[in-house]
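One structure is given here, and the rest of the page talks about it.
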Amino acid sequence: MKIATVGLWHLGTITSLGLADLGHSVHCFDENKDVIQNFNLNIPVIYEPKVKKLLKKYLNRKLFFHSNFDNLKKFKVIFITYDTKITEDDKSDINLLFNKIKIILKFISKNSTIIISSQIPVGFTNRIEKFEKRFIKKNTKISYFPENLRLGNSLNLFNKPDRIIFGTRDDKSKRILNKVFKKVDCLKFNVCPETAEMSKHVINSFLACSISFINEIGQLSNKFNIPLSSLERCVKSDKRIGFKSYLKPGNAFSGGTLARDLNFLIKLSKKFNTNSRVINSIYKSNKHHSNWIQNFIKKNFKSKSSNILQVGLSYKDNTSTVRRSLPFQIFKNLRKLYNIKFHDKDYILKTKEVVKYKKYYFNLNSTKKFNLLLIFSDKYDFKLLKKNIKKNSIILDANNSNINKKLFKNYNYISIENA
């Protein structure tokens with residue numbers, strides 16, 4: 001099929017590459033000419049496994065990049081793939097997305113099908129439908145296809161998902177979406193847009209709940225010296241919970257995604273005056289838990305001359321995304337109080353948010369010594385890093401990672417299990 005995608009950052013990049021990998025001819029649009037130019041030079045705007053490989057493979061074969069929205073009239077199937085902007089308090093700027101879609105509607109031809117994949121609140125699809133019917137009047141069909149991104153593994157999951165949800169209101173859109181994803185072998189649910197929208201909120205809020213819940217259980221378990229890894233295995237063995245559940249105590253959730261959908265539900269509950277004590281408590285509990293790292297450091301390191309090496313800035317491994325990342329926020333806070341450096345994968349230095357902090361990057365060839373190693377990722381050669389950590393220093397494993405703890409047997413190793 002010949003498909004257009006509009007909006008090229010994380011969601012747009014993964015969707016465009018994923019659709020091309022399914023065999024479609026994908027024409028990708030963005031109003032930012034620099035972004036388009038970079039893609040045409042085989043320079044993606046994000047890092048994820050397989051992104052650069054697939055871009056090189058399909059560029060000018062199945063993938064084409066444009067900044068002129070006039071060309072949208074040539075397409076009958078258009079995916080809206082803007083990443084919805086998330087504010088500092090984890091709220092979404094839906095009006096910005098709404099205004100972008102209003103502009104797109106003016107360029108497309110009559111009887112087209114628009115598929116929104118951006119992160120939206122329940123009721124948003126209907127709002128676009130009403131606007132189109134009242135002001136545009138091109139008989140445009142609007143559907144919702146909730147994105148299934150999991151940063152660090154997005155492309156693998158795009159074409160091999162657990163399930164796909166199509167939020168459609170007409171048979172034509174249903175047929176188009178089923179044709180687009182014909183090669184994807186998984187459960188496919190055809191539901192109304194409101195059900196698809198709400199499913200996204202519920203799934204992310206449930207995941208958020210499990211993270212906050214197990215972090216609180218972890219604190220209680222510490223009082224009885226319960227090994228958290230053993231507790232995790234015991235609980236996950238119950239088939240009603242399962243081995244993929246979020247039941248490993250560690251850092252607070254961040255990145256904005258889970259909190260965004262929690263806030264959608266909190267806002268709805270306020271609007272309709274329903275009981276949301278549990279949902280409200282999840283967000284508050286996570287906020288409280290996110291402070292334990294900085295509180296620990298401030299308590300144990302009084303001197304501003306303390307040297308800290310932080311490993312990892314993105315909120316999840318295998319991605320360059322630092323949007324609403326707790327590790328990145330902690331780094332920015334600590335640099336005002338201590339002598340801090342960070343070490344991360346090379347691609348992180350190319351992100352627009354991190355590039356201005358490039359002087360804080362720690363080169364492994366340096367001989368500088370640190371009082372504290374703050375770990376947010378286990379995807380590093382800690383044998384190399386170890387030479388830069390002073391003896392008897394603190395190793396603070398913020399993620400309760402799967403690193404070889406024997407490496408730090410002569411150090412004061414701290415994780416959530418013994419913090």
Name the residues in the stretch 265-283 that are open to solvent by 30 Å² or more (accessible area, probe 1.4 Å) and closer than 17 Å to Ile211 by Cβ, would you? Val278, Ile279, Asn280, Ser281, Tyr283
Those residues of the stretch 352-368 which are without any contact (Cβ under 8 Å) to a residue 40 or more places away in the chain, within 25 Å of Ser290 (Cα to Cα) and open to solvent by less than 70 Å² (accessible area, probe 1.4 Å), in sequence order: Glu353, Tyr357, Tyr360, Tyr361
Can you name every residue in the stretch 1-28 that is more than 11 Å from Leu63 (Cα to Cα) and buried (at least 21 other Cβ atoms within 10 Å of the Cβ)? Val6, Gly7, Leu8, His10, Leu11, Gly12, Ile14, Thr15
Inspect all residues belonging to the stretch 112-119 and state whether any of them is open to solvent by 40 Å² or more (accessible area, probe 1.4 Å), at pLDDT 95 or above and at negative phi. no
Residues that are open to solvent by 30 Å² or more (accessible area, probe 1.4 Å) and not in a helix (DSSP H, G or I), drawn from the stretch 284-299: Asn291
When the stretch 173-196 is checked residue by residue, the ones that are assigned to a helix (DSSP H, G or I) and either closer than 16 Å to Leu19 by Cβ or open to solvent by less than 90 Å² (accessible area, probe 1.4 Å) (or both) are Ser173, Lys174, Ile176, Leu177, Asn178, Lys179, Val180, Pro193, Glu194, Thr195, Ala196
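For every residue, the table says whether it meets (1) open to solvent by 30 Å² or more (accessible area, probe 1.4 Å); (2) at negative phi; (3) touching a Phe, Trp or Tyr at 6+ places or on another chain (Cβ under 7 Å); (4) not in a loop (DSSP other than H, G, I, E, B).
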{"position": "Phe65", "(1), (2), (3), (4)": "no, yes, yes, yes"}
{"position": "Leu72", "(1), (2), (3), (4)": "no, yes, yes, yes"}
{"position": "Phe79", "(1), (2), (3), (4)": "no, yes, no, yes"}
{"position": "Tyr82", "(1), (2), (3), (4)": "no, yes, no, no"}
{"position": "Glu88", "(1), (2), (3), (4)": "yes, yes, no, no"}
{"position": "Phe98", "(1), (2), (3), (4)": "no, yes, no, yes"}
{"position": "Ile103", "(1), (2), (3), (4)": "yes, yes, no, yes"}
Conditions (1) over 22 Å from Pro146 (Cα atoms); (2) of a type in the set (Ser, Thr, Tyr); (3) modelled with pLDDT of 95 or more; number of the one not met by Thr195: (1)
Could you tell me whether any residue of the stretch 133-146 is over 20 Å from Lys2 (Cα atoms), in contact (Cβ under 8 Å) with a residue 40 or more places away in the chain and in contact with a Lys or Arg (Cβ under 8 Å, 6 or more places away or on another chain)? yes
Starting from the stretch 80-97, keep only residues that are without any contact (Cβ under 8 Å) to a residue 12 or more places away in the chain, then list their pairs with residues that are open to solvent by 20 Å² or more (accessible area, probe 1.4 Å) and among the acidic types (Asp, Glu) whose Cβ atoms are within a distance under 7 Å, requiring at least 6 positions of separation or different chains. Thr87/Asp93
Answer with yes or no whether Ile203 is in a helix (DSSP H, G or I), surrounded by fewer than 18 Cβ atoms within 10 Å (Cβ to Cβ), on the phi < 0 side of the Ramachandran plot and β-branched (Val, Ile, Thr). yes
Within the stretch 133-164, restricting attention to residues that are part of a helix (DSSP H, G or I) and open to solvent by 60 Å² or more (accessible area, probe 1.4 Å), which residue is farthest from Val122 (Cα to Cα)? Asn156
For the stretch 217-230, give me each residue that is more than 20 Å from Ser401 (Cβ to Cβ) and either assigned to a helix (DSSP H, G or I) or open to solvent by less than 40 Å² (accessible area, probe 1.4 Å) (or both). Leu220
Using beta carbons and a limit of 7 Å, which pairs, at least six apart or on different chains, have the first residue in the stretch 275-304 and in contact (Cβ under 8 Å) with a residue 40 or more places away in the chain and the second one in a loop (DSSP other than H, G, I, E, B)? Asn286/Ala252; Asn286/Phe253; His289/Ala252; Trp292/Ala419; Ile293/Ala398; Phe296/Ala419; Phe301/Tyr338
Taking the stretch 248-264 and keeping residues part of a loop (DSSP other than H, G, I, E, B) and within 13 Å of Ile211 (Cα to Cα) leaves Lys248, Pro249, Gly250, Asn251, Ala252, Phe253, Ser254
Identify, please: which residue in the stretch 388-409 is assigned to a loop (DSSP other than H, G, I, E, B) and closer than 24 Å to Asn363 by Cα and is, among those, most open to solvent (accessible area, probe 1.4 Å)? Asn402
Contact list please: Cβ distance under 8 Å, first residue in the stretch 32-50 and more than 15 Å from Ser320 (Cβ to Cβ), second residue charged (D, E, K, R) and open to solvent by 30 Å² or more (accessible area, probe 1.4 Å), pairs at least six apart or on different chains. Asn42/Lys52; Asn42/Lys56
Give me the residue from the stretch 307-340 that is part of a loop (DSSP other than H, G, I, E, B), more than 15 Å from Tyr361 (Cβ to Cβ) and open to solvent by less than 10 Å² (accessible area, probe 1.4 Å) and, out of that set, modelled with the lowest pLDDT. Thr319
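The values are calculated or read from the model by the stated rules, or taken from the named source; none is laboratory data. Worth saying up front: this structure is predicted, and the values here are computed from it rather than measured. Positions of Cβ are generated from backbone atoms using ideal geometry, with glycine treated the same way; all protein chains shown enter the neighbour counts. Remember, those area values only see protein heavy atoms, side chains included, never the ligands or the DNA or RNA. Shrake-Rupley method; radii C 1.70, N 1.55, O 1.52, S 1.80 Å.
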